[in-house]
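What follows is a short report on a single structure.
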Amino acid sequence: MRKLLLVAFVVLSLVAFAATLKIGVVLPMTGGISAFGQMTWEGVQLAHQLKPTAAGNEIKLVLLDNRSEKTEAANAVARAIDKEQVVAILGQVASSHSLAGGAVAEEKHVPMLSPSSTNPLVTQGKKYVSRACFIDPFQGGAAAVFAYKKLGVRSVVVFTDVEQDYSVGLTNFFMKAFRKLGGKVKQVFYKTGDQDFTAQVSIALRYHPDAIYITGYYPEAALISRQARQLGFQGYIMGGDGLEAPELIKIGGEAVDGIYFTTHFNARGAATEMSKKFVKMYEEKYGKAPSALGALGFDAYLIIAEALERVLSKNPSLVNDLQGLRDALAKEIRNTKNFEGASGFITIDENGNAIKSVVVDVVKVNAPAGQQFDFAGIVNPDEIPR
Ligand code: PHE
């Protein structure tokens, strides 16, 4: 009887103390860059399946769609915090969205972890906003080094989407690094949603560049590539992580064959044991090869869940103090050291940025499904000129 009572007491107290902790996942599930949201969400759900609790408390995912819009990006974060009472925000993908949403999270003192926003300003001067990926000075530098040293490119025309902080930033970091290496650069501009790029392509062709470098996202990059090839451009086409979606090939067709782009992960260049495990689990669950965004969504969730675990094991009573938990979690996320993720080992520094290698992929339009983004190389942090 006594034993029974004791068991009943332990069970009851566990139930009484165990809370449900909500993580708000804010992604572009519809609109212009919805492919990014869908891929990230797949990775997040897979990771949640792997670790659904933190220190005995259930973790619940609340998905909010930012509709690929800046205003909605801020609104969704506010809704997650005020209505859903989330402990943390996982998101967003586009840097312009993370900037808009991050301002809200910072003001309301709620930790936010972006899986994939690479513009430096996303975390700059903030205490609550961190990221699980490298930043664009590094990505742009890696592209410059790859173009100059591996491809022998000496002249580039950069296509910049003036509506995207990501694109404007990546353009500047690339140009700086490429010029430092001794290369020549010119620029042309466009806007998110544009369809006709013949004017920009015509200007670009007058410079006879060895390569064009597109710093925006896949919908426009696919069309720019098509129109550049139609107008007779035969040089290299390059881009950043914003090109990585199967839609690049769907929209671009043969014109995107051979494009080189920098990114965060390739299943063929599996960086860690966790990468291999991730690829296997992902294929089993979704019946297709994983993407870089899937890997980053997966890692971002686990970084938050493990930081929550550490905070609550040390101080279990914080489950009853939402703001105290948020504050402790924001700090603990920046205590992430050598976390073994699908996208590599992740250490988040005191500024909230991860330092990682850049992967280079090459598009092979005619390869079997799942192998069309082929591994072309890796650039490590120490190879970038400063
Ligand atoms: N780095 C991009 C940005 O900051 C987002 C992105 C990451 C897109 C990875 C695709 C893949 O806007």
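Points to keep in mind about this one:
- Principal-axis tilt of helix 70-82 within the chain, Cα atoms, nearest 10 degrees: 10
- In the range 259-377, one over the average inverse separation of all distinct C-alpha pairs is 15.8 Å, which is the Kirkwood hydrodynamic radius.
- Per-residue [θ]222 nm for the chain (sum of -39500 (n - 2.57) over DSSP H runs n ≥ 4, rounded to 500): -13500 deg cm²/dmol
- Over 32 Å (Cα to Cα) - which of LYS60/LYS277; LYS126/LYS280; LYS184/LYS288; LYS108/LYS356; LYS60/LYS288 fall in this group: LYS126/LYS280; LYS184/LYS288
- Candidate cross-link partners of LYS250 among the aspartates and glutamates, defined by an alpha-carbon separation under 15 Å and a same-chain spacing of 8 or more, comprise GLU220.
- Cα-Cα pairs of the chain separated by more than 37 Å (percent): 21
- DSSP bridge orientation in the chain - percent antiparallel, rounded to nearest 5: 35
- Put simply, the range 315-368 fits an ellipsoid with semi-axes of 36, 14, 9 Å; these come from the alpha carbon gyration tensor as the roots of five times its eigenvalues, largest first.
- Just so you know, the Rg over Rh for the range 47-111 is 1.00, from Cα atoms, with Rh as the Kirkwood radius.
- Each residue of the range 123-132 was assigned a 3J(HN,Hα) from its phi angle through the Karplus curve 6.51 cos²θ - 1.76 cosθ + 1.60 (θ = phi - 60°); the sequence is 9, 4, x, 10, 9, 9, 10, 10, 9, 9 Hz, with glycine and proline shown as x.
None of the figures in this text is laboratory data; all of them are computed from the coordinates on show. These numbers were taken from a predicted model, which means no experiment stands behind them.
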